[in-house]
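Notes follow the structure.
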Amino acid sequence: MGIHNKTVAELVQGLKNKEFSCVELTQNYLQRIKTSNLNAFITITDELALAQARDADEKIAKNQSGALTGIPYAHKDIFCTNGIKTSAGSKMLDNFIAPYDATVSYKLNQQHLVMLGKTNMDEFAMGSSNESSFYGAVKNPWNQNKSPGGSSGGSAAAVAARLVPFATGTDTGGSIRQPSSLCGITGLKPTYGRISRYGMIAYASSLDQAGPITQTAQDAALVLNAIAGFDEKDSTSARREVEDYTATLNDSIKGLKIGLPREFFSEGLDDDVARVVMTAVKVFESMGAIVQDISLPNSKFAIPTYYIVAPCECSSNLSRMDGVRFGYRCENPKDLEDLYLRSRTEGFGAEVKRRIMIGNYALSAGYYDAYYLKAQKVRHLISDDFKKAFKTIDVVMGPVSPTTAFDLGAFTDPVSMYLADIYTLSANLAGLPGMSIPAGFAQGLPVGLQMIGNYWHESKLLNIAHQFQQITDYHRQTPDGL
Amino acid sequence: MIDNAQLKQIAHLSKLSVDDSAFESSAQDLNNILALAQQLSQINTDEITPMAHPLHMTQRLREDEVKEQNHSNRFQSIAPKTGNQHYLVPTVIE
C-alpha cells in the first residue's frame, strides 16, 4: 500500500514510529497534487507546506507533537488563510489575499498540521456539481466525465484520489455529504454551531457549517476533535464543551434504532442507489440494530424552503462584495453606481447572480410574507418532524443523493439541479448533524449512505459509521490506478 | 411571476445588470424558482412561528471592551484603491 492510501490515523502512527518524516510525506502529496489532472486545487501552497512540515518534524523530534502534528491536508477555498489567496471559487475574490485566518485555519495551524493548498469549489458554495467555479469544474476521480458533486467538489475529489489525507469542507445544503457520496469517501456535517464560522466566507449564515472530509469515520473524529469548539468571534457558535469524538468509536451498536423515512425512498430515487442503501441498512441489522419506518412529512418541502431561505441570506451576505474594500473592481468606473454595478456584474457568475436576485425579490416589499416568512415557518415544521422522530429512533438513514455521480454538463437548467438536493437539505434547515459514508457501488460509481443524528450526536454518528467500516471495505476502495 | 419591469427593479436592488440578450432567460430562470417556491402555499402555517435560528439561540452579550488591535493598514493593503487611510471611489459630490 502506498503512503498516500494511508488514513490520517495510520499517518499519525507512521510519523510517531519514524517510518517517514513529515517533509517526505508532504513532498509525496505535493507531487501527487501537481501531477493530478482533476482540477481539484485552486492554489497549491508548496513552500508554506514544506516550511510547516519542517516545523512539524522538529516538534515530533522534540516530543512536542499533538494528536495531528505533521498531518497534511487541504482547505476548501472558502476558509480565510492569512496571506494566501482565498477565492471562494469566484472571479470576485480571485485577487483576494486573506488578511487573517479563519478560526478553523488558526486551530489547525496551532496544532502544527501542514496545509498543502486550497481546493476548488462551486462559486461561493452555490452549486451541487462544482461547475459554477470560476476556475472550471473538478473531475470525479472515479470517472473523469462525471461531476464530483459540490460545492466541496475539490475537497472530495482530492481525498478520493488520495491527493490529501483529509480536507475541510462546508455544508449549507449538502455540500459536504453529497460530494462525499459521489466520490466514495466519508463526510461529516456537524450540528450547526459546533465549528466556528469565523473567517469562513458566508453563503447562508443560518445554514453554513464546516466539517471534515476524510477516508474513514475514525479520521473524521480525529479532525473534528481538532476544529470543533466555541469561538467568541462567531456569535452563532455554541458554548458547549467539545467531547473526545474518538472515545466512543468502538461502542457496540446493538439495539441501535434506525429510522427509514419513507419520503427518502420515494419517486426519483435511482433503483440501484436504493438497493445499495438498503443493503447497508441490512448490515446494520446484522449487527443488532433495529430498523423501523418513519415519516418526515414536511421534508418534501425542503427544496422550496431552502431555495428561498438560502438566497435571502446570500443576497445580504454578498452585498459586501461591492468593489470598494477588497476583491474585484471594474476598470475605469465612471461614477459610484457604475462601480457597484459593473464590479458585481463582471465579478459574479450566473448562479450567484440568480440567487442574489431571488433573495432580493423574496425579501422585497410586498413579497416578504409570501416567500421568506412562509419559508421560515415551513422550516419550523421540517425541524419539528425530526424532533418527533428522534423520540423513538436514534438515527435517520437514507440516500444522500438520488443518483450516482452525473455527467459534467448534465444539468442545463438550475431547478433540475436543485431537485437533486432533496435528501440533504432537511438536516441543514433543522441544524442537525449528518454524515455520508461509502456504502457500495452502482454502475461502477460510489454510493453514500446518509445518516442524520439528533443535535450534538456527532459521537453517535461517528460510532455508527466506524462500526460499519469495521466490517465493510467500501471506504478502502479507490479509483483505478491508485 | 416576474415581468420585465420587475426584473429590472430586482437587478437594480441587487446592483447587477442583466444584458438585453439574457433578459428573457434570466426572467424564465427566476420564474421557475418562484414556481418551485409556490409549493409552500399548500401548507397551512397559520399557527406556526418562523424559525430564525436552528438552535433558537439569542444573541450573546459581552463586555464592551477593546480586544482587537487596529489592522486598518493591513486591511487596506488589499483594497482596490486607497488614499490617506480612506477607501477611494469615484467622486460622489463635486
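Here, each number is a calculation from the coordinates, and none is a lab measurement. Predicted model only: the values in this text are computed from it and were never measured. Here the Cβ positions follow ideal geometry from the backbone for every residue, glycine too, while neighbour counts run over all protein chains shown.
About its Cα centre, the dipole of the stretch A:69-151 is roughly 160 debye, where the only charges are +1 on Lys and Arg Cβ and -1 on Asp and Glu Cβ.
Counting charges near residue A:256 (Lys, Arg +1; Asp, Glu -1) among other residues having Cβ under 9 Å from its Cβ returns a value of +2.
Computed from backbone phi with θ = phi - 60° and the Karplus coefficients 6.51, -1.76 and 1.60, the 3J(HN,Hα) list for the stretch A:39-48 is 6, 7, 10, 9, 9, 10, 9, 5, 5, 4 Hz; x is used for glycine and proline. Which residues among the stretch A:200-232 fall inside the zone where the amide N is under 13 Å from a point 7 Å beyond the Cα of residue B:67, along Cα→Cβ? Residues passing the 13 Å test: A:230-232. For the stretch A:414-430, the Karplus equation 6.51 cos²θ - 1.76 cosθ + 1.60, evaluated at θ = phi - 60°, returns couplings of x, 4, 5, 6, 4, 4, 6, 8, 3, 8, 9, 5, 4, 4, 5, 4, 7 Hz by residue, with Gly and Pro reported as x. In this structure, the amide hydrogen of residue A:172, modeled 1.01 Å from its nitrogen in the peptide plane, lies closer than 5 angstrom to those of A:209, counting only residues at least 5 positions away or on a different chain. Counting only residues at least eight positions apart within a chain, or on another chain, the aspartates and glutamates with an alpha carbon under 19 Å from that of residue A:59 are A:10, A:19, A:24, A:47. Exposure proxy for A:116, A:249, B:7: other Cβ atoms within 10 Å of each Cβ, ordered fewest to most, give B:7, A:249, A:116. Looking at A:461, A:349, A:408, which one has the Cα that reaches farthest to the positive end of the dipole of the protein assembly as shown (charges on Cβ: Lys, Arg +1; Asp, Glu -1)? In the protein assembly as shown, that residue is A:461.
Based on Cβ point charges of +1 for Lys and Arg and -1 for Asp and Glu, what charge dipole magnitude is obtained for the stretch A:196-309 about its Cα centre, in debye rounded to the nearest 20?
200
For the peptide A:186-197, the mean number of other protein chain Cβ atoms found within 10 angstrom of a residue's Cβ is 1. Applying 1/(1 + (r/R0)^6) with R0 = 60 Å to the Cβ-Cβ distance of residue B:12 and residue A:37 gives a FRET efficiency near 0.90. Distance between the modelled labels on residue A:24 and residue B:59, one decimal in nanometres: 5.5 nm (7 Å Cα→Cβ projection). Between residue A:282 and residue B:31, the simple spin-label model (points 7 angstrom out along Cα→Cβ) gives 4.9 nm.
Taking amide hydrogens as placed 1.01 Å from N in the peptide plane, the amide H of residue A:257 sits under 5 Å from those of A:290, A:394, A:395, each at least 5 positions away in sequence or on another chain.
With the cut-off at 22 Å, tell me which of the pairs A:18/A:62; A:85/A:107; A:387/A:460; A:91/A:146; A:76/A:460; A:377/B:15 have Cα atoms farther apart than that. Too far apart for the 22 Å limit: A:91/A:146; A:76/A:460; A:377/B:15. Relative to the longest principal axis of the Cα atoms of chain B, helix B:23-37 runs at roughly 70 degrees. Working from label points 7 Å from Cα in the Cα-to-Cβ sense, the residue B:75 to residue A:419 distance is 4.5 nm.
If Rh is defined by the Kirkwood formula over all Cα pairs and Rg also comes from Cα, what ratio Rg/Rh do you get for chain A?
Using only Cα positions, Rg/Rh for chain A is 0.95.
Put a plus charge on the Cβ of each Lys and Arg, a minus charge on the Cβ of each Asp and Glu, and nothing anywhere else: the dipole of chain A about its Cα centre is then about 420 debye. Look at A:357, A:451, A:417, A:1 and count the other Cβ atoms within 10 Å of each Cβ; fewest to most, that gives A:1, A:417, A:357, A:451. Mind running the shape call on chain B? Use the C-alpha gyration tensor, a ≥ b ≥ c as the square roots of the eigenvalues: rounded below 1.5 for a/c, prolate if a/b tops b/c, oblate otherwise. Because a/c hits 1.5 or more and a/b fails to exceed b/c, chain B counts as oblate.
A straight line joining the Cα centroids of the stretch A:244-278 and the stretch B:48-87 runs 40 Å. Taking the centroid of alpha carbons for each part, the stretch A:430-482 and the stretch A:163-203 are 14 Å apart.
Each 5 Å bin from zero holds the following percent of Cα-Cα pairs in the stretch A:349-476: 2, 9, 14, 16, 17, 15, 13, 9, 4, 1, 0, 0. Does the stretch A:1-118 come out rounded, prolate or oblate, given a ≥ b ≥ c as the square roots of the eigenvalues of its C-alpha gyration tensor, rounded meaning a/c under 1.5 and, failing that, prolate meaning a/b above b/c? In terms of gyration-tensor shape, oblate. A Förster distance of 45 Å, applied to the separation of the beta-carbon atoms of residue A:144 and residue A:331, puts the FRET efficiency at 0.80.
If r is the Cβ-Cβ distance from residue B:20 to residue A:292 and R0 is 41 Å, what FRET efficiency results, to the nearest 0.05?
0.10
Peptide B:40-46 has a mean shielding of 5, counted as Cβ atoms of other protein chains within 10 Å of each residue's Cβ. Under 1.5 on a/c is rounded, so check that first for the stretch A:214-357, then, if it is not, pick prolate when a/b is larger than b/c and oblate when it is not; a ≥ b ≥ c are the square roots of the alpha carbon gyration tensor eigenvalues. Prolate is the answer for the stretch A:214-357, as a/c is 1.5 or above and a/b outweighs b/c.
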